[in-house]
Each structure stands twice: as structure tokens, then as C-alpha cells.
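Reading through the C-alpha cells given below for one structure.
The values are calculated or read from the model by the stated rules, or taken from the named source; none is laboratory data. Everything numeric here is computed off the predicted structure, so don't read it as measured data. All Cβ positions, even for glycine, are placed from backbone atoms using ideal geometry, and neighbour counts span all protein chains on display.
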Amino acid sequence: MGIIYPRRALRRMHIKQPQMSYRYKIAVNTRLLIKDKMDGIGYFTYETMRRIVQWNPDIAFHFLFDRTPDEMFLFGPNVVPVTLHPQARHPFLWYLWFEWSVAGYLRQHDFDLFLSPDGYCSLRSGTPTVAVMHDIAYEHYPQYVPYLVRAYYKYFMPRYAAHASCIATVSEYSKTDIVRYYSTDPAKIDIVYSAAKSIFQPDTEAEIAATRAQYAGGHPYLIFVGSIHPRKNLKNMLLGFELHRSSRPDSRLKFIVAGAFGWQNSELKQVIESMRYRNEVIFLGRQSESDLARLIAGAFALMYVSVFEGFGVPPLEAMQSHVPAISSTTSSLPEIGGDAALYADPHNPQSISDAISHLWEDPSRRAKMIERGISRASIFTWDRTATLLWRCCEKVLSDQ
């Protein structure tokens, strides 16, 4: 049914196999814990489960992977690593993994709880389930999702919402979305939020100068971080930047884009080719985490005027780095940024241009935003998120 690592292998990984004296036995979907390849949900899984495991040494956690795990993800002696096949990287394989491999393992071992940090459930299992649904962006922008993935989401996500004993999500906006689209009882949904990585910290003036010299010829720069696809709205951010530079001859700002191009970007590429200030835009591609932290810390401001986010971590990464964030008036972003971000209409390049110009022309406003951002970012911590997620789990466990 799955590979449960023998005692000899566990000893090599410095992991002891749990005994029968544990208070609860919990299975966790950890398929997105992949060394050097974690996305946002993978990192959410890593930070929350690392804390939950260490806070609960009297509970056995079976971590369900779809490939041989790295020992960095085995957070304590109360973790049992299990590999279930096939690797779940495609809608057909998602179905096989969750509805056959995971379901069979859950039935075989009689778990008290199944925790799924990426929101996917096992409908063929009767194990009480906590599903973390980060957002349902595909309901708003289905055209940006590949056909098979969209078909899978359309069919399974409403069923997952109905199947879960408790749903955790990362914002009030996402909770409202789930209630609206899936007719879910609001009392069934807990908000646990998310947080920024600890590597995002402020740099010294000398470090900032060195970063600007390396990447922007010594000039101040705006920065966008993230994958490049239509929902991120880079097209209108670039048009807003173009308007700012055209109307402010004294502006020396450049625009750094740190992210890989996805699909459906033909319109964006046409905009880039037609820009008057094309040479002031620097495309760096996907960056390492350490380089990304340096780039954000060295920026004049973060640009994150996305059309849709279930949470939106980059503005918090900027605030934590003492850099102001220009964010969007839509979806969850005002809820997360509070009074610490400067907002623009994502559908209006002139609004984005005005926000850039306000920061460029008013250093005192920029300084005030930095101070507010430091305070705002301190609210969103991984300790808080892990605590709230564990409360959701405890609620389900206590109902049994």
C-alpha cells in the first residue's frame, strides 16, 4: 500500500518509529514537501507542520509523500514517513493518489485525522479531514487554468469542501469565496492566515547600494516577484511604470521583474516590445531565495498589483524587509496589507502610475509606509498560523 521506512532506515535519518502509546494518530498530506522545489503551499506545509509536530510529541504523525522524502522534512521522532505511489503531478495521477493510494492507507491504519495542507481530500476515505483551501482562483479566472486542471478543480473542489470536517483558509476573502461558490456553512471554515519567510529582512545602506549597483546600474528600482501569468497583472504594472516615467522626467526608477514566464503571455510580450522605456525594465527570471531576499530589501518599492490573490505573501515580504508595497484594491490584498500598503486599481494603469509617483515625490510618505509595514508584518507569523491550524485540528479531534 505504501513504503513505511524500516527501523534501520529511520535510524539513518535520526528518526525513531512511534510506538502505540501516542494520544492520536494523524496522517498528513506532505506531497508538496520537496527539497529545493517548494512552492507557496509547500512552504506553508513546511512551516506549520514543523511547529505542530514539535508542539505535540505525544501524537504520531504519518507524513504521506509521493516520492522518497528528504530527512529535512522529518521534524521529530513522532513522524513516520510513508511513500505512496504514483507521483501525484497530473490530474489523472491526483485521482489515483488521493482516491486509491491515500484512501487505502487511511483505511488500513485507522487514523484519527487526515490533514491536507493543499486542500485535496480523499473522498473514498471516512477519516475525519481538515483541508486547507488557500483560494479558489480558478472560479474567477478559469481561462488562466489548463483544461484538465480546470476540469479536475470544477468536479472535485466542491466535493472536497463538502467532505472536509473542517476547512482552514488564509483570509476572510477566501472564506467568503468558499461559502459563496460551494454553499459551505461559514461555521465550518476557520481562517488561519499565512506569513512571510524569515529570510526576508532589511539590509544596511551599504548592502542596498551594492544590490542596486549589481542589478540596476546603481539606480533605485521597483520590483515585481512571482510567476508571470495574466492573473499577476504584470502588463498593467508595466504600463503604469511607463506612464510614471513619461510624466516624471526626473524619475530614475527602473523596474526589475524577478520571475519566470508562464503561459498565455502573448499580450504582455507585445506590451513589452512597444514600451518607450523598455530598456528601464530588467527581466531576471526565477531567482534563488537568498537573491530574492536581497532584491526585495534593495528595492525602492514592491509592485504587487495583482488582480486576484487568496492571501498574497510578497507584500508582507517587502514590509518585513522595510520596503513599501504598492498593492491592489482587489481580492484579499487590502485585508492583508491594511493601512500599511499603497493601493492602486489593477485594471487602471493610470492609478498604478499615480501610486508610483506618490512614493517618488513624497519621501515622508514612503518613510511612513515603511514604519506601518514593519508593524503590519509583525502580525502575520508562522507561530500564529500553526496555532490557528492546530486549533482547527483539535476541534475535529474533540468531536469524535
task: Quick one: in region 230-254, of everything that is buried (at least 19 other Cβ atoms within 10 Å of the Cβ) and not in a helix (DSSP H, G or I), which residue is nearest to the chain's Cα centre (by Cα)?
output: Asn233
- request: Sort out which residues of region 126-164 are part of a loop (DSSP other than H, G, I, E, B), among the β-branched types (Val, Ile, Thr) and within 18 Å of Ile191 (Cβ to Cβ), and write them in order of number.
  value: Ile136
- prompt: Taking region 191-235, which residues are in contact with a Phe, Trp or Tyr (Cβ under 8 Å, 6 or more places away or on another chain) and of a type in the set (D, E, K, R)?
  reply: Lys197, Arg212, Arg231, Lys232
- request: Considering only residues that are farther than 16 Å from Ala318 by Cβ and among the aliphatic types (A, V, I, L, M), look in region 268-306 and name the one that is farthest from the chain's Cα centre (by Cα).
  value: Met275
statement: The condition of being surrounded by 14 or more Cβ atoms within 10 Å (Cβ to Cβ), over 30 Å from Ser353 (Cβ atoms), touching a residue at least 60 places away in the same chain (Cβ under 8 Å) and not assigned by TED's automatic domain parsing to the domain that holds Pro349 holds, among Ser165, Ser174, only for Ser165
task: Would you confirm whether any residue within region 85-95 is in contact with a strand residue (DSSP E or B) (Cβ under 8 Å, 6 or more places away or on another chain), surrounded by 22 or more Cβ atoms within 10 Å (Cβ to Cβ) and over 18 Å from Ile52 (Cα atoms)?
output: no
message: So for region 351-368 (the condition being free of Cβ contacts under 8 Å to residues at least 40 places away in the same chain, closer than 17 Å to Pro202 by Cα and surrounded by fewer than 23 Cβ atoms within 10 Å (Cβ to Cβ)), does at least one residue qualify?
response: yes
Single unsatisfied condition, Ile296 versus (1) closer than 30 Å to Ile374 by Cβ; (2) surrounded by fewer than 21 Cβ atoms within 10 Å (Cβ to Cβ); (3) in contact with a helix residue (DSSP H, G or I) (Cβ under 9 Å, 6 or more places away or on another chain): (2)
field: Hey, Thr68 buried (at least 16 other Cβ atoms within 10 Å of the Cβ), within 30 Å of Gly259 (Cβ to Cβ) and not hydrophobic (A, V, I, L, M, F, W, C) or not
entry: no
message: Any residue that is among the small types (Gly, Ala, Ser), at pLDDT below 95 and within 28 Å of Arg23 (Cα to Cα) - is there at least one of those in region 382-400?
response: yes
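Is at least one residue of region 131-145 of a type outside the set (Val, Ile, Thr), touching a Cys at 6+ places or on another chain (Cβ under 6 Å) and within 20 Å of Leu397 (Cβ to Cβ)? Break it down into steps so the answer makes sense when it comes.
Just the residues of region 131-145 that are of a type outside the set (Val, Ile, Thr), to begin with: 131, 133-135, 137-144.
Next cut, touching a Cys at 6+ places or on another chain (Cβ under 6 Å) only: 131.
Of the ones still in play, those that are also within 20 Å of Leu397 (Cβ to Cβ) are 131.
Yes: region 131-145 contains one or more residues that are of a type outside the set (Val, Ile, Thr), touching a Cys at 6+ places or on another chain (Cβ under 6 Å) and within 20 Å of Leu397 (Cβ to Cβ).
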- prompt: Of all residues in region 330-373 being within 27 Å of Ser194 (Cα to Cα) and polar (S, T, N, Q), which is nearest to the chain's Cα centre (by Cα)?
  reply: Ser332
task: Could you look through region 199-230, keep only residues that are touching a residue at least 60 places away in the same chain (Cβ under 8 Å) and polar (S, T, N, Q), and pick out the one that is nearest to Asp118 (Cα to Cα)?
output: Gln201
statement: With criteria (1) in contact (Cβ under 8 Å) with a residue 60 or more places away in the chain; (2) more than 25 Å from Ile189 (Cα to Cα); (3) surrounded by 19 or more Cβ atoms within 10 Å (Cβ to Cβ), His109 comes up short on (3)
query: Say we look at region 239-269 and pick out the residues that are of a type outside the set (Ser, Thr, Tyr) and without any contact (Cβ under 8 Å) to a residue 24 or more places away in the chain; which of these is nearest to Leu292 (Cα to Cα)?
result: Lys269
- prompt: What is the number of the single condition among (1) touching a residue at least 12 places away in the same chain (Cβ under 8 Å); (2) closer than 21 Å to His347 by Cα that Ser274 does not meet?
  reply: (1)
- request: Please work out which one of (1) at pLDDT 95 or above; (2) within 25 Å of Leu389 (Cα to Cα); (3) not β-branched (Val, Ile, Thr) is the condition Arg67 fails and give its number.
  value: (2)
